[in-house]
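Down below is the structure, laid out as structure tokens.
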Amino acid sequence: MAAPPPSLLSPAAGSRLLQAGLRGWTGLVLLFLYLPVIVLAVYSFNSARLGVAWEGFSGRWYAELLHQAPLQRAALNSLVVATATTLLSVVLGTSGAWLLHRYRFPGRDLIESLVNLPMVMPEILLGISLLILFALAGVGLGFITVIIGHVTFSFPFVLVAVRARLQGLDPALEEAARDLGATPWGAFRHVILPALRPAILAGGLMAFLLSWDELIVTYFTTSAASATLPLKVFGLAKVGLNPVLNALSALFLLVTLAGVAFAAYLRRGAR
Amino acid sequence: MKFKTLNLPGRLAALLLALLPLAARGAGQLNLFGWSEYVPQPVLEGFTRETGIKVNFETYSSNEEMLAKLVAGGGRYDLVQPSDYTAEAMIRRKLLQPLDRARLAGLGNLAPEFTGRAHDPEGRYTVPYMSGSVGIVVNTEKVKTPVRGYREVFQAAHRDRIVVVNDSRELVSWALYALGQPVNTVDAASLARVRPLLAEWIKLVKVFDSDSPKTALLNGDVDLGVVWSGEAALLWRENRKFQYILPAEGAHQFVDVLAIPAGARNVAEAHRFIDYILRPEVSRQISAAFPYTNPNLAARRLLTPDELANPASYPQGGKLESFRDIGRAAADIDRLVTDLKSAK
Amino acid sequence: MTPEPVARDPGARPGTLAWLLLAPLLAWLALFVVVPALLLLGCSLGERDEFGQVLWGFSLENYARLLDPVYLRIFLRSLGFAALTTGLCLLIGYPVAYHLARAAPRVRELLLLLVMVPFWTSFLVRTYAWMAILREEGLLNALVAWLQPAWAPLGLLYTPAAVVTGLVYSYLPFLILPVYASVEKLDGALIEAAHDLGAGPWRVFPTVILPLTLPGIAAGVTLVFVPAVAMFAVTDLLGGARVPLIGNVIQNQFLQARDWPFGAALGVALLGLFLVSQLVLRALRPRGALRG
């Protein structure tokens, strides 16, 4: 390793033991996390259609994936929904966090509790209650309603993450900017926002992931035309282990891992 | 506005706006709300190729799930696929609209025993799609004793080797059959009578799975069960050791139908789709993918002898009966089964 | 845009512009959180008609039904499962989060991403993969057979153990992320100081590190516990749907029995439970930790 981790524990022998233990444990947990996805990646090459018994190596499920137009369209829908959800959640969550942090006004505690509500609300309750709402309001289901549902449970995660970051921020920062003649917006844009960047990224990533894999709220708020990938996958998976789904999942993993590797490469280049 | 001048969120937003119309196009489409994996993809593609009508296919995995969305008024669907007893309730509630039979040239292909059934005596609202039964499937390599009825499935000897569909009404109806009670008039008294028997049975079950009960059987985690006939037919096709038996005490026969909801917008397209399904060569494709009982006689003539010999698709004899809508009792049944399961 | 007068103390009252900026958040909360929650509450006071449609009204009958020992038992069992899941996630996840946050900056984010990657696949597909591992002729039993040929295959799938495995797997990242964030914020100097004062790693952890990461732990525990209570898909697939949990019962009311009012009542009770526990947690937590 190029730079050994800054050891916070005293250079006593016990601390090195602890370090080794932590590293080993992390390795084991990573193995636990990757075990099922490795299994499904291996099975994506199994030629058996129904069973899980190994019947021989085959790439046909990947070939079949190319002909699955509905899956491709659902993936596109998911991408649209997750991207829109992330953008809206970031705007709503970040502005909300800043305003709640910055100002004091009657009902502020109530608003904070309300922000927590969608996080603790079981998905089926959120889905059903939104369906009742949309039905009463006469709003037709589609992309808009799905995105509304997703933003509702996603933006609190952004808000909470940004809020935590704001609390760790030096209040003098904004003051200094204002003293140097920045407008409130300018101070926010050029001083606060960059400091919040990691929290916004983390919250946004969380929002994207939550939206990408969400099934139940989507089910109650979607129309046939805006059905997302998890809905399609659910329909397919319900009839048993589907090798095409294994292939699809393996492909996603590959793309994601490539993305991670690329990000790591970029970071190395930047240094 | 140049793409390059936008910051990252701006660029993503622009991309999104560009993608939206792609994902939701207008005219010439059909919103189909059907059972998960019950309409083969090639059938949908064939229909689109021939008519130019795009099919938006959304799925559900129980009649109640479909009703939940349809009744709330949220979904705008052009074609739904309820089971007979659900269609009956929907007709009574005016949730379906009458079909224009003149537009359905293929109606004559249907076997007479599947038309004019109790749920829609004049065939004004529904067209049968596929039919099936709920029966016993046995892995004959593992279970050597004969199994003819529900009581022989639910024996102490089979403890933790049984899979059943996770459907409260089905479970209760098997116990009603075993006790010789009617399955379509359920009240507090009949539920009290089945309670002790069902309590015993539920303790013996290893897996409750409505979606893919074949999986546990195929993987060897269980040896016998009570499942949808289509699942049993797939098992038989995979390996002849899986035998399908219609329970001697009586069994549920269901007919899943195609129907047009009252608020449908693309009624003409829905009719074209129903008529497309009625074609023998199309219906034949459905049989190949989902080997339930095909109500289309002309399509049945196109099946291979092997397909026709599948005992789960085309069972011989047996006392088959349709479910009727039981209204409020459905909630009592669910409560009974929840109670018995959690007492375990 | 009129410039806002400078508000120097962080507790300033919002001006017109700030209210305008707050408006979207307030509107969103009102429309899509408060109104649906009230609709749910209203629904729980209603009744089910013959066909399963909601008859709005005012009756506490559904709440009376909640007191039936059947549902109380299910509530308790669900809480037990969720508590076990949360405890295991904490035991398994805390050391990982700690290790990640204390790693060199360059590998830190990479490792964090590595933890997240498996969760880009659908949770259903992952759960099916667990079924392939745990079933009687599955991977784990093959390993057992290889190590101990004399043993009979273990019946792992469709047991409570399989359910807990699936739940821990699904929710582990939700614990790792917040704990990671709070460990990362730890002031290294503080720990150094403790060491300089002669405290070994085994003393520093309970006296310095644990109290300082408490907010992260609290956030993680909430993020795991709450969804774990209401989970139903994992329990159905890995547990064989044998033992109903509260999530299954709620799901059944909406999608099987079509008794929406009772389902809503169950949901309101669950939400009430969460809100009460949150209030208790907030009351118990020292003011300092809240600022974290």
If we take region B:267-344, then helices (runs of 4 or more DSSP H) inside it with 3 or more residues that are farther than 30 Å from B:K206 by Cβ and out of contact with any Lys or Arg (no Cβ under 7 Å at 6 or more places or on another chain) are B:267-278, B:280-289, B:297-300, B:305-309
Please determine whether any residue of region C:138-155 is within 26 Å of the chain's Cα centre (by Cα), more than 9 Å from every other protein chain (Cβ to nearest Cβ) and at pLDDT below 85.
no
Looking across region A:148-169 at residues that are facing chain C (nearest Cβ under 7 Å) and assigned to a helix (DSSP H, G or I), the single one that is surrounded by the most Cβ atoms within 10 Å (Cβ to Cβ) is A:T152
When restricted to A:L141, A:L125, A:L99, A:L133, the only residue touching a helix residue (DSSP H, G or I) at 6+ places or on another chain (Cβ under 9 Å), part of a loop (DSSP other than H, G, I, E, B) and assigned by TED's automatic domain parsing to the domain that holds A:Y219 is A:L141
Log entry, pairs with first residue in region C:60-79 being under 19 Å from C:G42 (Cα atoms), second being surrounded by 13 or more Cβ atoms within 10 Å (Cβ to Cβ), beta carbons closer than 6 Å, six or more apart or on different chains, reads C:N62/C:S44; C:N62/C:P261; C:N62/C:F262; C:N62/C:A265; C:Y63/C:A265; C:L66/C:A269
Note on region A:170-182: residues part of a loop (DSSP other than H, G, I, E, B), surrounded by 15 or more Cβ atoms within 10 Å (Cβ to Cβ) and out of contact with any His (no Cβ under 8 Å at 6 or more places or on another chain) are none
Flagged pairs (Cβ under 8 angstrom, 6 or more apart or on separate chains; first in region A:165-193, within 30 Å of C:L212 (Cα to Cα); second of a type in the set (A, V, I, L, M, F, W, C) and in a loop (DSSP other than H, G, I, E, B)) are A:V191/A:A182; A:I192/A:L169
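For every residue, the table says whether it meets (1) buried (at least 20 other Cβ atoms within 10 Å of the Cβ); (2) more than 19 Å from the chain's Cα centre (by Cα); (3) within 7 Å of another protein chain (Cβ to nearest Cβ).
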| position | (1), (2), (3) |
| --- | --- |
| B:E50 | no, yes, no |
| B:V55 | yes, yes, no |
| B:S62 | no, no, yes |
| B:P82 | yes, no, no |
| B:A87 | yes, no, no |
When restricted to C:L281, C:L275, C:L270, C:L245, the only residue without any contact (Cβ under 8 Å) to a residue 12 or more places away in the chain and either facing another protein chain (nearest Cβ under 10 Å) or over 26 Å from C:C43 (Cβ atoms) (or both) is C:L275
Log entry, pairs with first residue in region B:137-156 being at negative phi and among the aromatic types (F, W, Y), second being buried (at least 18 other Cβ atoms within 10 Å of the Cβ) and assigned to a loop (DSSP other than H, G, I, E, B), beta carbons closer than 8 Å, six or more apart or on different chains, reads B:Y150/B:P247
When (1) touching a Gly at 6+ places or on another chain (Cβ under 9 Å); (2) surrounded by fewer than 18 Cβ atoms within 10 Å (Cβ to Cβ); (3) at pLDDT 95 or above are applied to B:G263, the one that fails is (3)
Every listed condition ((1) more than 9 Å from every other protein chain (Cβ to nearest Cβ); (2) in contact with an Asp or Glu (Cβ under 9 Å, 6 or more places away or on another chain)) holds for A:A137 save (2)
Taking region A:36-63 and keeping residues more than 17 Å from A:L254 (Cβ to Cβ) and surrounded by fewer than 18 Cβ atoms within 10 Å (Cβ to Cβ) leaves A:S47, A:A48, A:R49, A:A53, A:W54, A:E55, A:G56, A:F57, A:S58, A:R60
Every listed condition ((1) of a type outside the set (F, W, Y); (2) buried (at least 21 other Cβ atoms within 10 Å of the Cβ); (3) free of Cβ contacts under 8 Å to residues at least 24 places away in the same chain) holds for C:A228 save (3)
Given the conditions (1) more than 10 Å from chain C (Cβ to nearest Cβ); (2) of a type outside the set (A, V, I, L, M, F, W, C); (3) closer than 30 Å to B:V194 by Cα, every one holds for B:P305 apart from (3)
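The values are calculated or read from the model by the stated rules, or taken from the named source; none is laboratory data. Just so you know, these numbers come straight off a predicted model, no measurement behind them. Glycine also receives a Cβ, built like all others from the backbone with ideal geometry; neighbour counts cover every protein chain displayed.
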